[in-house]
Amino acid sequence: MTDVVEAGIASGTEGKLVRALDWKGAFWVAAGVPPLVLFSIGGIAGTTGKLAFVVWIISMVMGFLQSFTYAEIAGMFANKSGGASVYGATAWLRYSKIIAPLSVWCNWFAWSPVLSLGCAIAAGYILNAFYPIPAADSQMVLDWISAHAASITADSPRVAEYIAAHAGTTPDDAIKALLSTDGIAALTPAIRSWSLFSFSIPFLATANINATFFIGGILMLIIFAIQHRGISETASVQKWLAIIVLVPLLIIGLYPIVSGQILATNVTGLVPPTAAYAAVDGTWSNGGWTLFLGGLYIAAWSTYGFETAVCYTRELKNPKTDTFKAIFYSGLACCLFFFLVPFAFQGVLGHEGMLAPGIVDGTGVAEALGGLIGAGRVVTQLLVVLMIMALFLAIMTAMAGSSRTLYQGSKDGWLPKYLDHVNEHGAPTRAMWTDFAFNLFLLAIASDVGGYFFVLAVSNVGYIIFNFLNLNSGWIHRMDSGHIERPWKAPTWLIGLNTVLAFVNALFLGAGAKVWGYSNALWVGFIFAALILPVFAYRHYVRDGGKFPAGAMEDLGLIGQDLGVKKAGILPYLALAGGLAIVLIANVIFQLPA
């Protein structure tokens, strides 16, 4: 039967995932993580100024170190899928039935939004390609201004309003600026401003059902169709996408360095800005530290993400050896890209150049990449296609990982029963449909101009909670499950260091969530995290009668409903209390610049 399972025959019909991957396949599926640097490269530059590339390096080093804890606990669970959150959640199960599903839930709602955010950016690229907004210095805008020059005069109320809002501006300059704005608006294709309808979600954001929403939804369906054929097919597509995307991205990251284009002034004098998105150097005041910690907070969403390489343990042919290789080599690849690309961007463009609207919202990154290598129009257009493919790569990684987190959470009795289903190819299709539906809602928010970073900031609350719980699960597993075989075991000092980093992440969460334009992001994230409580309560106490499914804890050597001895005693509870205290105190102490 083993041969049959590994060949992917009959396993799908039994409702099981298929053992069809080696570590290289898992590496390729996780290869969508490096392009995540492009999701928030402008946002982090805006909030941290010249410190941006340092933020990326620090965050990536932390992510790499933390991955060794995840590599160890992943090796303990050869029969589980769903990633580090599932493996770490079992450590907390003895101490609280609630904490275990909380870890899985937070990991899922952190990873899943990659679908909506990536599709929103990709839709923006497609709209820019077919329905571009004309540039202020384009000939068509200049012709329009010439034809309508008499429409605004020096005594126009609009001119007075403009001068009042821009002190020191002359009437002639005001007229030129207003005409340019009017010309761009008149010549912008109607689809760019079209909206079927929009609505405000109280205490959250504004949702917009517009062209970005519909294009993004179609892109998600395409990715769903690819993944419907199972993890082996997904890995094959990911491999070629990764080669096509990552090789040019690596060359673009290296070229400015070897060609001497990096300006020393752009990467020295490392201080935070006076305020978020201000192109003026500030100081290491409380506000400056807050911006810096906010950058580290949001960077973690990208740099830690290669832990998704261990989402597929149940689908690896040889999980005992392949699990560690998958996460280790994925981490090395991420180090390369997260070190090089932000440094190259900042070194060439400088702080002010990184604040360009197209870089901040992600839709102008391709043009910026072209500028790094002095590319012409044709090459720049090819880079636009490359960016869309990079986004596909990231989105496919997110859907593959997050859907398996839902699937395994259902198998272990933490999430709704209906998610415990795979199709004939071994793909968890109901979990994938759940991801799709959830992200349609998020896509409506991300399609609004102000909604993108709201989704990112709130989802990252869940990601930091997951990382805190999982890094602590390393030492809890050591104490409670020391007898379980570990194909790869991290040095004890590294488990200890990563425990310290768990509390550093708590500091990032408390200080940094407020930096992204939404003062309530931390509390919204906490509320969303708490939604797992009624979901789990219904599944466990109503549906399953207070018992976990058979086999849910067999990897730990636990029989029946006996959760085992709590050898760690009160320590896990102290860790939870300490982490929460750091979050709340940091949220009070660190404040944005006035």
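The values are calculated or read from the model by the stated rules, or taken from the named source; none is laboratory data. Since this is a predicted model, take the numbers as computed values, not measurements. Heads up, the Cβs are rebuilt from the backbone with ideal geometry, glycines too, and the neighbour counts pull from every protein chain shown. Each accessible area value is taken on the protein alone, full model and side chains, heavy atoms only, with ligands, DNA and RNA left out. Shrake-Rupley method; radii C 1.70, N 1.55, O 1.52, S 1.80 Å.
At an R0 of 35 angstrom, the distance between the Cβ atoms of Thr206 and Gln139 translates into a FRET efficiency of 0.50.
With protein chains left intact and a 1.4 Å probe, residues in the stretch 135-187 average 63 Å² of accessible area per residue.
Computed from the Cβ-Cβ distance with R0 of 51 Å, the FRET efficiency linking His483 to Ala530 stands at 0.90. Once the Cα atoms are used to define both axes, helix 377-411 deviates from the longest principal axis of the chain by about 30 degrees.
Placing a pseudo-label 7 Å from each Cα along the Cα-to-Cβ vector at Val379 and Asp172 gives an inter-label distance of 4.0 nm. For the residue pairs Lys411/Lys567; Lys24/Lys567; Lys80/Lys489, the alpha carbons lie more than 29 Å apart in Lys24/Lys567.
Taking the centroid of alpha carbons for each part, the stretch 504-526 and the stretch 121-190 are 37 Å apart.
Compared with the alpha-carbon gap, the fully stretched path from Arg158 to Ala264 is longer by 33.9 nm at 0.36 nm per residue.
Going by the alpha-carbon gyration tensor, a ≥ b ≥ c the square roots of its eigenvalues, is the stretch 135-187 rounded (a/c under 1.5) or, if a/c is not under 1.5, prolate (a/b greater than b/c) versus oblate? In terms of gyration-tensor shape, prolate. Label positions at Leu580 and Lys567, each projected 7 Å from the Cα along the C-beta direction, are separated by 2.7 nm. For the stretch 21-63 versus the stretch 454-503, the inter-centroid distance based on Cα atoms is 19 Å. Per-peptide packing, taken as the mean over residues of other Cβ atoms within 10 Å, places 246-255, 140-149, 411-420 in the sequence 411-420, 246-255, 140-149 from highest down.
With angles folded into 0 to 90 degrees, how steeply does helix 211-227 sit against the dominant principal axis of the chain? Use alpha carbons for both and round to 10. Value to nearest ten degrees: 30. With a cut-off of 15 Å between beta carbons, the residues surrounding Leu38 carry a summed charge of -2, where Lys and Arg count +1 and Asp and Glu -1. Helix 286-303 and the longest principal axis of the Cα set of the chain meet at an angle near 60°. Put a plus charge on the Cβ of each Lys and Arg, a minus charge on the Cβ of each Asp and Glu, and nothing anywhere else: the dipole of the chain about its Cα centre is then about 1540 debye. Using the Cβ-Cβ distance between Ser96 and Val500 with R0 set to 30 Å, the FRET efficiency works out to roughly 0.85. Spacing of the modelled spin labels on Ala165 and Trp284, each 7 Å from Cα toward Cβ, amounts to 3.9 nm. Each part gets one Cα centre, and for the stretch 373-409 versus the stretch 264-312 those centres are 23 Å apart.
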